1. For the stretch 163-179, take each phi angle, set θ = phi - 60°, evaluate the Karplus expression 6.51 cos²θ - 1.76 cosθ + 1.60, and give the result in whole Hz per residue in order, putting x for glycine and proline.
2. For the stretch 152-228 and the stretch 1-75, compute the distance between their C-alpha centroids and round to whole Å.
3. If you take the alpha carbon radius of gyration of the stretch 72-194 and divide it by 2.2 N^0.38 Å, what ratio comes out, to two decimals?
4. Hey, what did the stretch 129-230 get for relative contact order, percent, Cα under 8 Å, at least 6 apart?
5. In the set (i) 0.99; (ii) 0.96; (iii) 1.06, which value of Rg/Rh (Cα atoms, Kirkwood Rh) was calculated from the structure you see?
6. Taking 35 Å as R0, compute the FRET efficiency from the Cβ-Cβ separation of Arg161 and Ala28 and round it to 0.05.
7. So what J values fall out for the stretch 37-51 if you push phi through Karplus, 6.51 cos²θ - 1.76 cosθ + 1.60 with θ = phi - 60°, rounded to Hz, Gly and Pro as x?
8. Just the Cα atoms of the stretch 1-133: what Rg and Dmax do they give in Å?
Amino acid sequence: MTLSSDLTTRFAPELRGFGASLPDDFSAALTTLEPRMAPEELERWAQDGIALANASLRSWEAAAEYFRATPKVLDRLGADGVHEWVGTAQRLAESSSLMAAAYLKSTPDALSVLGTDDLESWAGQGERLCRGNWKSIALAALYFQVSPQLFRSLPLNSVGRLVDIIDQLTERSYELANTCLESSPTIFANLAEDDRDSFLRFARAVTRASWADTRLYFDRGPKLLENIAP
């Protein structure tokens with residue numbers, strides 16, 4: 001019996017209690033990972049997945065994303081890095097399994113732009129938006145979904161400045177915060193590189209002075225910046 005078969009036999013019954021497809025996700029990942037990990041690393045990986053599935057009420061959904069994403073990130077992170085990565089996810093799952101699942105699912109895309117040392121800071125930015133209520137949880141999950149696209153236009157610290165703006169908007173309107181965050185990847189992708197920092201500075205000023213005008217600024221600000229002579 002191979003190690004992957006042994007681990008599937010040992011853990012599949014427990015995983016089946018969380019969701020019918022979870023054992024299949026686990027088994028498929030094991031088959032892919034076994035030739036690429038030492039036996040003790042594969043054993044630890046499996047144990048980490050079980051721990052994540054048990055972390056909170058619906059954290060089995062995050063465990064499913066962990067099983068699916070690990071083969072895509074293993075070469076970048078290494079076995080020890082994967083262990084640290086799922087540890088961060090377990091911390092996020094204590095606040096929200098939805099947020100943890102979004103973090104894990106988006107990691108392969110994020111790593112196409114970010115360095116491995118940036119993952120913890122990236123997680124922290126999304127975590128800041130989660131305050132325990134369902135609106136903030138949805139916003140934090142949205143952050144993880146859209147941020148890999150943002151990283152193609154903005155460095156991590158600039159995305160952190162955007163998170164400051166979005167976080168400030170949540171004190172007034174979660175709908176507005178969601179709208180601005182959702183539109184941000186397209187806005188920054190279409191802005192000239194030299195205009196992106198200016199857009200963030202003006203956005204911060206507008207949000208502080210007249211938060212209700214932030215939507216209008218996100219709609220029209222890019223065109224206005226284009227018309228400002230260098």
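Any read-out appearing in this document is the output of simple, stated calculations on the displayed coordinates, not a laboratory observation. Keep in mind the model is a prediction, meaning the values are calculated, not measured. All Cβ positions, even for glycine, are placed from backbone atoms using ideal geometry, and neighbour counts span all protein chains on display.
1. With coefficients 6.51, -1.76 and 1.60, one gets 4, 4, 5, 4, 4, 5, 5, 5, 5, 10, 7, 5, 4, 5, 4, 5, 4 Hz.
2. If we compute the Cα centre of each part, the gap is 39 Å.
3. Details: Rg = 14.0 Å, N = 123, 2.2 N^0.38 = 13.7 Å.
That ratio works out to 1.02.
4. Reported as a whole number, the value is 25 percent.
5. Computed from these coordinates, Rg/Rh (Cα atoms, Kirkwood Rh) corresponds to label (iii).
6. On the way: r = 39 Å, r/R0 = 1.13.
For R0 = 35 Å, the calculated efficiency reads 0.35.
7. For the stretch 37-51, the Karplus curve yields 10, 5, x, 5, 5, 5, 4, 5, 4, 5, 4, 4, x, 5, 4 Hz.
8. Radius of gyration, then largest Cα-Cα span, for the stretch 1-133: 14.1, 47 Å.
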